[in-house]
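Encoded as structure tokens, the structure appears first; notes follow it.
Just so you know, all these numbers are worked out from the coordinates, no wet-lab data involved. Remember, it's a predicted structure, so these values are computed and weren't measured experimentally. When we count neighbours, we look across all protein chains shown, and the Cβ atoms used for this are built from the backbone with ideal geometry, even at glycine.
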Amino acid sequence: MNCPLCHKILLEIDALPSDGCTVLNPIDYICQTRVKFEGKVSEPHYEHRYGEPIKIVLPPYRIITHNGNTSISVADPGNYDGTHNFKRTVFKHVITIPELHFDTPENILKRINLLITFS
Ligand SMILES: [Zn+2]
């Protein structure tokens, strides 16, 4: 499988430890491309962990798609989760829209900027 954004091959990681059964293990898909926010740890570009929503990070936005809805948040540069050793980026929710379809990162950013302008 390839990343729908940058088309690099997605890393496939076993989502759960094998319990000895022969059924296919669920797999997490993570893009090799990582994006970095100023002073924060990098985040995978595209992340789809088993049983979880699809997460895309396109600075300054984080885009989470689940059950036909896409929730868009923007990085809050003044804030981070100080409970971790790593400075994780904190995001503020901006808008929720019907499922956003994958496109090039440039087109997605353009669309989000338009949506926010007219919301
Ligand atoms: Zn990617």
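Among 41-54, 105-118, sorting by the average number of other beta carbon atoms lying within 10 angstrom of each residue, highest first, gives 41-54, 105-118.
Label point of His93 set 7 angstrom out along Cα-Cβ; within region 22-64, amide nitrogens under 20 Å from it belong to 52-58, 60-64. Note on Lys92: lysines with a C-alpha under 23 Å away, same-chain residues under 8 apart excluded, are Lys36, Lys40, Lys55, Lys110.
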